[in-house]
Amino acid sequence: QLLDRIYFVVDKMSLEFGVIVNTYNILDVVCGDPGTTLVTIPQDAYITEISTYHWCDKGQPAGTHSLYNINTGVTYGPFSGTIDFRFWVSYPNTYVPAGNYEVVDSEPSTWSHTNNGGFVRIKGIVCY
């Protein structure tokens, strides 16, 4: 019974973690430095995951992610990543205020993009 309750709580929690930012798309991938990758976090949020796509990484270990608030100059991170095939995933588990951010990837030369900034997905819990 206890295990069933734990599964229920974890299941319920996982539904609350949503995608806050997603720049992935189905266009052809370009390899190399995407330049500045800007995103907007529309509300204060507790960030649980940042993932970037590195099609051109040749199997190297995952690097780090940071979020640089361009309004305040505050940097959140760096957060160490793990690798899930070509996705570099970090788990910041940190609060960030709403604002405009530059996503900083420690290895931009392998960060995949479509000439509009790197592919990034940020998940978390929006604070109300």
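The values are calculated or read from the model by the stated rules, or taken from the named source; none is laboratory data. Just so we're clear, the structure is a prediction, and the values are computed from it rather than from any experiment. Please note: Cβ atoms are built from the backbone with ideal geometry, for glycine as well, and neighbour counts cover all protein chains shown. Heads up: the accessible areas ignore ligands, DNA and RNA and are worked out on the full protein's heavy atoms, side chains in. Shrake-Rupley method; radii C 1.70, N 1.55, O 1.52, S 1.80 Å.
Please work out how much length the chain gains when fully extended from Asn115 to Ile70, using 0.36 nm per residue of separation minus the C-alpha to C-alpha distance, in nm with one decimal.
Residue separation times 0.36 nm, minus the Cα-Cα distance, leaves 14.1 nm.
List the residues, sorted by chain then number, that are 5 or more residues from Ser106 or on another chain and whose placed amide H is less than 5 Å from its amide H.
Result for Ser106 returns Thr64.
Working from Cα positions, state the angle (0 to 90°, nearest 10) between the long axis of helix 2-16 and the longest principal axis of the chain.
Roughly 40 degrees between the two axes.
Heavy atoms of the protein only, probe of 1.4 Å, neighbouring chains included. What is the accessible area of Thr75 in Å², nearest 10?
80 Å²
Taking a point 7 angstrom from the Cα of Asn25 along the C-beta vector, which residues in the stretch 85-128 have backbone N less than 16 Å away?
Under cut-off, by backbone N: 112-121.
GNM on the chain, C-alpha springs below 10 Å: top fluctuator among Trp55, Trp111, Trp88?
Trp55
How much mean residue ellipticity at 222 nm does the chain get from its helices, if each DSSP H run of length 4 or more adds -39500 (n - 2.57) and you divide by all residues, to the nearest 500 deg cm²/dmol?
-4000 deg cm²/dmol
Under 1.5 on a/c is rounded, so check that first for the stretch 23-85, then, if it is not, pick prolate when a/b is larger than b/c and oblate when it is not; a ≥ b ≥ c are the square roots of the alpha carbon gyration tensor eigenvalues. Please list the in-between numbers first.
On the way: a/c = 1.89, a/b = 1.48, b/c = 1.27.
It is prolate, given that a/c is not under 1.5 and a/b is the larger ratio.
Which one, Ile26, Ile50, Ile41, has the greatest fluctuation when you compute a Gaussian network model over the chain with C-alpha springs under 10 angstrom?
Sorting by GNM fluctuation, first place goes to Ile26.
From the backbone phi of the stretch 32-42, what are the Karplus-calculated ³J(HN,Hα) couplings (6.51 cos²θ - 1.76 cosθ + 1.60, θ = phi - 60°) in whole Hz, Gly and Pro given as x?
Rounded to whole hertz, the list is x, 4, x, x, 6, 10, 9, 9, 10, 9, x.
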